[in-house]
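Some notes on the structure that comes next.
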Amino acid sequence: MRIGPAVVLATVAIAASMDVSFAAQRTFVSTNGSDAAACSISAPCRSFGAAITQTDTDGEIIVLDSGGYGPVMIDKSVAIRAPAGIYAGISVFADSLGVIGRGVIVDVPGGHVTLEGLTITGLGGAEGVRFFRAAELRLSRLQIQGLSINGISMLEHDGGALIVTDSVLSRNGSSGIGASPVANALSAVVVERCRFEGNFYGLSITGDLRVAHVRDSTFYRNFRGVQVVAIVGDASIDVENTLIAENSVGLFAQRLDVGQAQIRVARSTIVGNIFLAIEAQAASSIVSRGDNTLADNAGGEAFTGTYSPQ
């Protein structure tokens with residue numbers, strides 16, 4: 001059977017549209033790429049910022065080789081993934097993405113954003129990741145260090161969730177993670193298998209939170225390892241199976257106004273903290289499930305109470 005020219009042209013058009021769709025769903029960046037390219041695997045872009053404009057909503061950007069890829073503003077649901085063994089760096093200068101310097105800004109109302117395998121380094125900049133709005137921001141295998149304010153700042157408006165796993169946050173001037181959701185946003189923070197080292201605060205929760213959980217993590221040589229401060233609404237953190245060692249103060253809770261501040265601790269080791277293992281101020285509470293280990297702290301080794309799992 002002889003195939004006519006119209007059929008051939010239609011087939012080519014369909015194939016081309018399928019290829020474009022695939023390229024837009026999964027784009028690529030490389031140190032040898034160009035931001036004028038199509039961001040395909042054979043013609044990668046150079047920066048995350050260029051790639052995100054060519055990536056479909058709910059698509060992903062893949063890092064092909066090691067190098068620096070620059071700050072990025074994320075305004076759609078997308079994943080940026082650096083495979084294991086590839087260094088994908090973002091240097092944050094004082095004027096990166098704004099006057100105070102930010103490495104990544106996430107502002108995707110109702111969206112889902114994932115960052116995997118990135119290294120974010122402060123070189124005069126203030127914040128590694130700034131979380132404004134999203135239903136969910138997932139961060140995995142990140143190294144964030146040397147920011148003048150926070151490694152991760154959560155100023156969340158819409159009740160979204162920040163989920164951080166398998167990451168290291170070190171030497172940040174204020175907090176490794178600083179979460180201050182807008183009043184009544186009822187946001188959530190979950191931290192698993194992370195290390196907080198040499199920050200002023202390791203994890204700092206201020207304001208209303210639907211839930212905050214820390215699991216299987218380490219807080220080492222921060223000024224305060226974990227702190228929760230309630231202002232108007234309630235703020236609380238569950239800490240489980242976690243090492244809290246050689247901080248000035250291991251666990252800190254404080255109520256500033258009418259809210260309730262609480263830390264619940266289970267199966268954790270609180271050891272060698274320089275001033276206090278536990279400090280609960282102004283009608284706040286730090287309670288134990290009865291299965292924690294406290295040793296060699298300079299003081300403050302008494303919980304304010306106990307609790308039982310439901």
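Details
- A simple spin-label model places pseudo-atoms 7 Å from Cα toward Cβ; at Ala43 and Asp166 they are separated by 3.4 nm.
- Axis of helix 5-25 versus longest Cα principal axis of the chain: the two differ by about 20°, to the nearest ten degrees.
- Distance histogram in 5 Å bins (all Cα pairs of segment 189-281, percent per bin): 4, 16, 28, 26, 18, 8, 1
- Added length on full extension, which subtracts the Cα-Cα distance from 0.36 nm per residue, His157 to Glu136: 6.4 nm
- Neighbours of Val232 by Cβ distance under 12 Å: Lys/Arg scored +1, Asp/Glu scored -1, total -2.
- Rounded to the nearest 500, the 222 nm mean residue ellipticity of the chain from helices alone is -3000 deg cm²/dmol, with -39,500 (n - 2.57) taken per DSSP H run of at least 4 residues.
- Calculated on C-alpha atoms, the gyration radius of segment 87-154 divided by its Kirkwood radius gives an Rg/Rh of 0.96.
- For the chain, Cys194 stand unpaired, since no other cysteine beta carbon lies under 4.7 Å from theirs.
- Ellipsoid fit via the Cα gyration tensor, the chain: semi-axes of 44, 19, 16 Å, each the root of five times an eigenvalue, largest first.
- The label point for Ile86 and the one for Val99, both projected 7 Å from the Cα toward the Cβ, are 3.7 nm apart.
- FRET efficiency, 1/(1 + (r/R0)^6) with R0 25 Å, evaluated for Val232 and Thr306 via beta carbons: 0.35
- Residues of segment 51-68 falling in the label zone of Asp75, defined by backbone nitrogen less than 18 Å from a point 7 Å along Cα to beta-carbon, are 51-59.
- Scaled radius of gyration (Cα, divided by 2.2 N^0.38 Å) that segment 35-92 gives: 1.04
Every number here is computed from the coordinates shown, using simple stated rules; none is lab data. Remember, predicted model here, so these are calculated numbers, not experimental data. Cβ sites come from the backbone with ideal geometry, for glycine too, and all protein chains shown count toward neighbours.
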